1. Given H placed 1.01 Å from N in the peptide plane, which residues other than close sequence neighbours of A:GLY297 have an amide H under 5 Å from its amide H?
2. Mind checking the mean number of beta-carbon atoms from other chains within 10 Å of the Cβ atoms in A:326-338?
3. When you count, for each residue, the other Cβ atoms within 10 Å and take the mean per peptide, how do B:215-224, A:223-232 rank with the highest first?
4. In Å³ and rounded to a whole number, note down the convex hull volume per residue for the Cα atoms of chain A.
5. Can you work out the FRET efficiency for the pair B:GLU283 and B:ARG48, with r the C-beta to C-beta distance and R0 = 51 Å, to the nearest 0.05?
6. Compare the peptides A:442-452, B:318-328, A:339-349 by average per-residue count of other Cβ atoms within 10 angstrom and give them in order, highest first.
7. Taking H as built 1.01 Å from N, whose amide H comes closer than 5 Å to the amide H of A:ALA156, not counting residues under 5 places away?
8. Would you mind pulling out the separation of the Cα centroids of segment A:118-160 and segment B:232-302, in Å?
There are 2 protein chains.
Amino acid sequence: MHDWLAAQTMARPDGVALVIDDTTFTFRALNERVAGFAARLAAAGTQRGGVLGILLPNRLEAALAVYAAARLGVTLALLNTRLTPAELDGQIARAACSLLVCDSETLGVALELNGAPPMVCVDPVDRPPVIRLDQLPADTVENYRAGTITLDDPFAIMFTSGTSGTPRGALLTYGAIFASAMGSAYRIGVLPHDRWLCVLPLYHVGGVSILLRSCLYGTAVDLWRRFEPDAILQRLYAAPVTLISLVPTMLYRLLERHDPATPPCALRLALLGGAATPPDLAERAAHLGWPVATTYGLTEAASQVATALPEDVRRKPGSVGKPLIFSQVRVVDESGRDQAPGMYGEIIVGGPTLMQGYLGDMPLERAPDGDAWFATGDIGYLDADGDLWVVQRRSDLIISGGENIYPSEIEQVVRAHPAVADAAVIGVPSPEWGQQVGAVLVLRDATVHIDDILAFCRTRLAGYKLPRIVRVVDELPRTASGKLQRAGLRELLGEGETGRQGERGGGGDRERGRYGDKNNNAPRTGSLQEGI
Amino acid sequence: MHDWLAAQTMARPDGVALVIDDTTFTFRALNERVAGFAARLAAAGTQRGGVLGILLPNRLEAALAVYAAARLGVTLALLNTRLTPAELDGQIARAACSLLVCDSETLGVALELNGAPPMVCVDPVDRPPVIRLDQLPADTVENYRAGTITLDDPFAIMFTSGTSGTPRGALLTYGAIFASAMGSAYRIGVLPHDRWLCVLPLYHVGGVSILLRSCLYGTAVDLWRRFEPDAILQRLYAAPVTLISLVPTMLYRLLERHDPATPPCALRLALLGGAATPPDLAERAAHLGWPVATTYGLTEAASQVATALPEDVRRKPGSVGKPLIFSQVRVVDESGRDQAPGMYGEIIVGGPTLMQGYLGDMPLERAPDGDAWFATGDIGYLDADGDLWVVQRRSDLIISGGENIYPSEIEQVVRAHPAVADAAVIGVPSPEWGQQVGAVLVLRDATVHIDDILAFCRTRLAGYKLPRIVRVVDELPRTASGKLQRAGLRELLGEGETGRQGERGGGGDRERGRYGDKNNNAPRTGSLQEGI
């Protein structure tokens, strides 16, 4: 098949493809830019079949690189710009990148790399040995005005690790993205005049999938460099944005600034994922008239697996709904047997959106019927209607004295106390119990006594679930995508991770203001967002 | 993959799947009905790999049969209920049907067949040797609650012949329908609450494709037995119908009865195809606020190939827009070379929606690059923007004294005369010229003299294009799908076809009132609608 940008340039040449920094590109114009970009990267020595490392924030050239990959016949390694040089070195080596694309912002980190491949800078900055893209010839541009792909071709390597563990490179094919785009369209709809605001980083599947699916749909992407609540809100009210993908923290911050009387009138859906949506946030958004669709997704399944439409969210806040068509979700016990409705178990997913496998691993195992399944490590249940509820990332499960404790359950109780604004719960090592419950609280009322809160919990939770260690902070440590940073929580509760290679610390209230803070000094961590 | 109804029953069990005769079926309920229907057909001896003949009007059981095919592992032969027994005999033999499904309405014709396979009647009518469906056991229903298919599996044989020639059986795979559904969704959009009113017969690709694509989308079909303008209009105003497929004549009749002040408020798109849309009809509909999308489609490409959105129609009434994504359209000269923009040529189409081939023929030839192309026989051109204009079905082209004459051009001029309500032009054999122009007119003002009309034409058309034979009728003969019946026109102009085997005559003003006339005695012909 034609590569998707080329195909859409034939199907809808004058449709709006991309809006960035108030510049609008039609598919035809974007296609022309991509052809030039690809020609220059080819001149830099990009080889068909190779891997192209992309270390860019959300900017035009990052989008061009995503589309150019099919023209160049390369696999992308979409690298997190927040990583340390040591972390990047590891990922670049594992992905076997033969060229690295950076800009003036990421150049500093790039120059700190050991054993980096040849590097190209998309900004006109002279820092040998980095090559300036604008000084490369584009004389082969005719070769890059269209390309062909198959659905089995690899599209990108995306490193993912949830909120802990070593990042692993998930290899996604064009077929997985294609199936995901279709499943998403058939669940949440698509309209010719759709315009999807993308503020998630393109190195997360929830970001890059917006680019690719909008290209297939022939619809527009409104690409933003970072999440600035006031600017995003203004955009939602001023421009015909019909769709937006958000992590819960982003929605929370928008609603904080939001005039309840008037939700953005063009917005037909806000896709909420990347972390579990607190039911009260979903309820509040629905109450304010925001059309929120909660979703469960993961990098390994090219983003969305299940999605609840706004009407479902209103009916069942907290659920992520039913699987997309052709996606499959099961909840199994430790022997791999399906759990009865309502019973907790591990969520396993299948279907055509699954990755080929992790880099360096064998491809995903296939069951005798030919279906591949991926064990997510997440805990959840299916209710009697077949709607999925995600209870906990398995890596966050606390096991205390042999009892399973789900932090989300404790967090919900603690948050219900009127003096508590926010709360996070993790397991803290205990010689006696294996793990004990530790809680980090953000208080609404600083005069409250912790014992009051514990007494409140005692009437609502079994004894073994009660927090044993409590810390109060001004703000919870979260990743750029709004997920709790478990490493930061552990540090706050006395279990530092400073010895972990390549990390510069672990969050805490130093994270404050990282959204929208251009020059923020928030620590880099290896944690990546799971897909939206 | 799971068959699509089974997949959607998992993904959206409580979504509305089908509304018929004011009964509403969710996907779950429909799936249950399909399972029972399939079990009974299996009990009647349906064999996996066989061909199931369907001779039904638009009714619940026709829809059940469409979904049951995947469960039974059979290919459908969707038979035109307007055919003569002799025509049906030929098609049933060519398709090698091993079972024929009829109802009380088609039973009479079925009993007239020679060499018919075993027959099942979906109504409780006792007419041995026809088997009553309700007397077959459904005890194997568990085996038919879900099925699996591949995209290479054959879905149906659809007989097509445009408006002339011998019908040929186009073999469509599930993959062609799948690609068509996707291409259509990405062009005209899809929304979770969509409801598509289907009044086209399910034995035409424009009808059956509505069932299948809505199933993939998880959206509702509002299935109608026949086109009754008043009832359809009432439905459009009373029910949340968002989409409707119409042939131009149907739209014309709706607009005749339509209150211009208020287009149906839920309707987001009326897909207009099956025959060329007169530009003035498109303009009138747009003026009245109807969101009309003109389309070019054909059975051999599983329906839509190109579609112009309402905004395009307003800008360029008469064009059918650009190809759907991954569909390909070229206009070539007689040597197969691409014509320059604006130059007439034969329309050839390619892409993943193409049929596998005609029954009894070789599969479609593939070019050296692996692409298959289908020569439509239709004449058209691509304008400088890449928009397609369909000028004429090739079979309708008049060649007079070596000059190509496009009936549509003459028709447009004749219709522009104030006394002319409608006009059709065909070639009439001429010993001297090969063919001459014949015109059949419907007059608005019966007092006008034909010479006035010819004088009007003379100032607007080259001499060789002027009608030489003229007939006046009360209504033009049209097929059920609104296409001109060329056979009927030829008869009116003195070139009878009564000798043609299996036909009972040829139309003319006896056609009047066939829409909505339950007991109409309109002649059956072999003409089938091309896809919408």
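Rule-based calculations on the coordinates, nothing more; no lab input. Predicted, not measured: the structure shown is a model, and the values here were computed from it. When we count neighbours, we look across all protein chains shown, and the Cβ atoms used for this are built from the backbone with ideal geometry, even at glycine.
1. The answer is A:GLY274, A:VAL305.
2. The mean count of partner-chain Cβ atoms within 10 Å per residue comes to 1.
3. Working: B:215-224: 25.1, A:223-232: 18.0.
Order by mean packing, descending: B:215-224, A:223-232.
4. Values: hull volume 78.2 nm³, N = 532.
For chain A, the hull spanned by Cα atoms encloses 147 Å³ per residue.
5. Values: r = 51 Å, r/R0 = 1.00.
For R0 = 51 Å, the calculated efficiency reads 0.50.
6. Numbers: A:442-452: 11.9, B:318-328: 25.3, A:339-349: 17.2.
The packing order, highest mean first, is B:318-328, A:339-349, A:442-452.
7. Residues meeting the amide H criterion: A:LEU76, A:LEU172.
8. First find each Cα centre; the distance between them is then 47 Å.
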